[in-house]
Structures are given as C-alpha cells and as structure tokens.
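Presented below is the structure to which this report refers.
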Amino acid sequence: MAIHLNTISQTTITRSHYHTHKFFLFCNYILLGAASSCIFLTLSLRLFPSLFGFFLILLHVSTIAGAVSGYAAASSGTNRWYAAHMVATVLTAIFQGSVSVLIFTRTSDFLGNLKSYVREDDGAVILKLAGGLCALIFCLEWVVLTLAFFLKCYAYVGGDVNGNSTAMKMSAKVQQDEDLKDWPWPFQV
C-alpha cells in the first residue's frame, strides 16, 4: 500500500514554491538594507574605523555577501551556491547575535573600543540603533535559512530548476515489491 501525493494539485505546489521564493528574496533585500545601514551607522561613529570597527564592518560585508550568495543560490539552483549560502548565513547569524548582545549589554565599553569621536550620549544612541539592526539581521538570517531549506526541498521533490529528472518521485512508497525478490529469504517480509 502506497500513499501518493497526487491529491495535491501541481498548481498549489507551484504557487507555494513561488510565494516562498518571493519571500526568500524579500528577506534577502531586507538583509542587504539592514547590513548596509549598520555599515553607515558604524562609519558615522568614526569615519576611519579602529580595528574593532573594521571587524564590525567586515561582519556586515559578510552578511551582504551571504545575501548575494542567497540570490545566486535561488536563481541557479546548484549545490555549490546553496552550500556557500548556508555556511555564510549560519556564521553571520551567530556573529550578528553576539554583536547585538554585546552592544545592548556593554554599550559604553563597545563605544570605547570603536574610539568614536562623537559625544558619548549620541554615540550610545547610534550604537543602539546598530544593535537593533543587528538583532533584526540575526532573526532574518534564521528565517532565510529556513526558507532556503524549503526551497531546496521544493527543488528536490518537484524537480530542479534546469529540468533534470533526478528529483524524487511523487510517491511516499519506500521501495518497490520487485526489489525484494533479490533479497535473501529472512529479509523478504
């Protein structure tokens, strides 16, 4: 007895895949905007950043690179871009969350390490704005990871972007009965 997935119409799967893809791209657009805003907020604290500020800007540049690799993974469908996107997204999400926690818990120390030349009160407000964006980036990175996983599952179940027939059959049956004939007697259950 096999359970077939033919009860779900093909237009529903396609429409669901389409909306997931559009939401994935929308989240990547928001990631690009938030990361570039964090770069400008960091540069507004000090135009030529300290080593600490340079690493903060480098983190946001890697977030932008992860979002761009997400576009490439969504459009090409190859495993190389998908793997690069997953690795970049996980690493930047972990670091963005850590930076956000550091900004909100140790604002004055964080501002001192940036060696800002703005007033401390204004610098704290700018830094907390950047910390809020880092928290938003952290949450969006995990949403993007989940959506990328769903898009990869849709590509695997429904066929990949290039039309190759390596996709899984639309059946939940684990194995055909003919395959059991080659097995030894105790395993033919």
Site Trp142, offset 7 angstrom along Cα→Cβ, radius 19 Å on amide nitrogen, limited to the range 84-100, gives 86-100
By the C-alpha gyration tensor axes a ≥ b ≥ c (rounded if a/c is under 1.5, else prolate when a/b exceeds b/c, else oblate), the shape of the range 12-161 is prolate
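Any read-out appearing in this document is the output of simple, stated calculations on the displayed coordinates, not a laboratory observation. Keep in mind that what you see is a predicted model, and the values were worked out from it rather than measured. Please note: Cβ atoms are built from the backbone with ideal geometry, for glycine as well, and neighbour counts cover all protein chains shown.
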